[in-house]
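S.K.: Shown below is the structure under consideration.
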Ligand SMILES: Cc1ncc(COP(=O)(O)O)c(C=O)c1O
């Protein structure tokens, strides 16, 4: 298998390709799908084999004994992130949007303010609102095309009604890998305002050369208010398996979270556990290294092409395969640049405002697709904005 292989995903109940016409009006036959965050690549052979073994055996009963699964998580976090995880700290949820919702349920009350550094992954605000909590948007600063954290402004903004901060680390869609100094400041901010800190690190394996991800758990003095969230799903392109991990070292927080899990009768799906156990392995690790080399090539082709179009500029990605493109320089209203992308270029890209304040002039493009499609996208965008040349 090569990352260059074009796999037609249409007609497979796939959100990314089968929903682009209903949601974005981008025609199914000619459209390029660059929105929701999954990749157009098959996962590594070790994951495929795990599913094949299940199919060969042919019995799909209840899963029992998660020792191997927990050991695989432990191994991955230790070898890839230098982070020692005790299996007792791990809760397996139905993915991390569910993990976020569970944290809101376990640690906050209706009406509480939940802090987000915006623009940020849109599902956070969705579950916060659906749970009857309030989104408190702390807008990041964009400093010469790079997002930074603006604690002085946010200290003045918070009013004491906030109880939780959800951090996205690395950041989607800003592409930042937060530095140790920034993470330390986030921890101090959480302490200063007495916030539970939920660190969503789902993109932690998707880091480009020259940057290294630091788990929030490595920042001192935050253990008693920290909830870590990780998953195999983004890294290995198995989002449909809906498995994520909420990892809590603090015994009191763990008891509260465990009580909510028990009350809701939650237990994981066996496909997800088999796939994740197989993924967190030396073979899986080698595949991720190859994947990042390929994505780095895509990132360069996409950035070079997009930044050559007058008025467009992409934020330089330190991590993730989600390119965040600023259209402000076109001088066009959002409706116009969005129309050109969806109707003229026939590309489905996520609308910036769904990521909150600061996203108004942006669209998010998923670049985890064969290189030929990246080149095609660049050509289409160049044509669609050709009158600006
Ligand atoms: C930061 C972040 N968290 C969570 C998710 C989705 O997690 P899940 O599919 O496990 O619900 C995404 C998907 O893009 C994401 O970017």
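S.K.: Evaluate segment 312-328: report whether one residue or more is assigned to a helix (DSSP H, G or I) and over 20 Å from the mean Cα position of the chain (by Cα).
M.R.: So the first thing to find is which residues in segment 312-328 are assigned to a helix (DSSP H, G or I), and the list is 328.
Now drop any that are not over 20 Å from the mean Cα position of the chain (by Cα), which leaves 328.
Scanning segment 312-328 turns up at least one residue that is assigned to a helix (DSSP H, G or I) and over 20 Å from the mean Cα position of the chain (by Cα).
S.K.: Name the single residue, out of those in segment 230-257 being more than 14 Å from the ligand (Cβ to nearest atom), part of a helix (DSSP H, G or I) and touching a helix residue (DSSP H, G or I) at 6+ places or on another chain (Cβ under 9 Å), that is farthest from residue 49 (Cα to Cα).
M.R.: Per the stated criteria, the residue is 252.
S.K.: Among the residues of segment 19-53, which ones are assigned to a helix (DSSP H, G or I) and either closer than 18 Å to residue 367 by Cα or in contact (Cβ under 8 Å) with a residue 40 or more places away in the chain (or both)?
M.R.: Matches in segment 19-53: 20, 23, 24, 45, 46, 47, 49, 50, 51, 53.
S.K.: Yes or no: residue 150 surrounded by fewer than 15 Cβ atoms within 10 Å (Cβ to Cβ) and at negative phi?
M.R.: Values: surrounded by fewer than 15 Cβ atoms within 10 Å (Cβ to Cβ): no; at negative phi: yes.
Spelling it out, it is not the case that residue 150 is surrounded by fewer than 15 Cβ atoms within 10 Å (Cβ to Cβ) and at negative phi.
S.K.: Further, regarding this structure: Which condition from (1) away from the ligand (no atom under 16 Å from the Cβ); (2) part of a loop (DSSP other than H, G, I, E, B); (3) at pLDDT 95 or above is the one that residue 152 breaks?
M.R.: So the condition that residue 152 fails would be (2).
S.K.: Among the residues of segment 208-221, is any within 11 Å of the ligand (Cβ to nearest atom) and closer than 22 Å to residue 285 by Cα?
M.R.: For segment 208-221, residues within 11 Å of the ligand (Cβ to nearest atom) and closer than 22 Å to residue 285 by Cα: absent.
S.K.: Look through segment 74-97, keep the residues that are in contact with a strand residue (DSSP E or B) (Cβ under 7 Å, 6 or more places away or on another chain) and farther than 26 Å from residue 358 by Cβ, and return whichever of them is nearest to the ligand (Cβ to nearest atom).
M.R.: Of everything passing the filter in segment 74-97, 93 is nearest to the ligand (Cβ to nearest atom).
S.K.: Here is a follow-up. Looking at segment 329-347, which of its residues are under 14 Å from residue 360 (Cα atoms) and surrounded by fewer than 20 Cβ atoms within 10 Å (Cβ to Cβ)?
M.R.: Those that are under 14 Å from residue 360 (Cα atoms) and surrounded by fewer than 20 Cβ atoms within 10 Å (Cβ to Cβ): 329, 330, 331, 332, 333, 334, 335, 336, 338.
S.K.: Run down 350, 298, 326 and say which single residue is within 16 Å of the ligand (Cβ to nearest atom), surrounded by 16 or more Cβ atoms within 10 Å (Cβ to Cβ) and modelled with pLDDT of 95 or more.
M.R.: None of the others qualify; the one that does is 350.
S.K.: Out of (1) under 23 Å from the mean Cα position of the chain (by Cα); (2) in a loop (DSSP other than H, G, I, E, B), what's the single condition that is false for residue 80?
M.R.: For residue 80, the failing item is (2).
S.K.: Tell me, please, whether a residue that is within 11 Å of the ligand (Cβ to nearest atom) and surrounded by fewer than 21 Cβ atoms within 10 Å (Cβ to Cβ) can be found in segment 267-274.
M.R.: no
S.K.: Restricting attention to segment 194-207, which residues are assigned to a loop (DSSP other than H, G, I, E, B) and either touching a strand residue (DSSP E or B) at 6+ places or on another chain (Cβ under 6 Å) or buried (at least 20 other Cβ atoms within 10 Å of the Cβ) (or both)?
M.R.: 195, 201, 202, 203, 204, 205, 206, listed by residue number.
S.K.: If you take the residues of segment 367-389 that are over 18 Å from residue 30 (Cβ atoms) and crowded, with 22+ Cβ neighbours inside 10 Å, which of them is farthest from the chain's Cα centre (by Cα)?
M.R.: It comes out as 385.
S.K.: Scanning segment 98-138 for residues that are in contact with a helix residue (DSSP H, G or I) (Cβ under 8 Å, 6 or more places away or on another chain) and in a loop (DSSP other than H, G, I, E, B), which turns out nearest to the ligand (Cβ to nearest atom)?
M.R.: 121
S.K.: Within segment 180-229, track down each residue that is touching a helix residue (DSSP H, G or I) at 6+ places or on another chain (Cβ under 9 Å) and at positive phi.
M.R.: 194, 221
S.K.: Mind checking which pairs have a first residue in segment 79-95 that is closer than 30 Å to residue 264 by Cα and a second that is within 16 Å of the ligand (Cβ to nearest atom) and part of a helix (DSSP H, G or I), Cβ under 7 Å, 6 or more apart or different chains?
M.R.: Matching pairs, first to second residue: 85/73; 90/73; 91/261; 93/99; 93/102; 95/233.
The values are calculated or read from the model by the stated rules, or taken from the named source; none is laboratory data. Here the structure is a predicted model, which means the values were calculated and not measured. Virtual Cβ from ideal backbone geometry, glycine too; neighbours counted across all protein chains shown.
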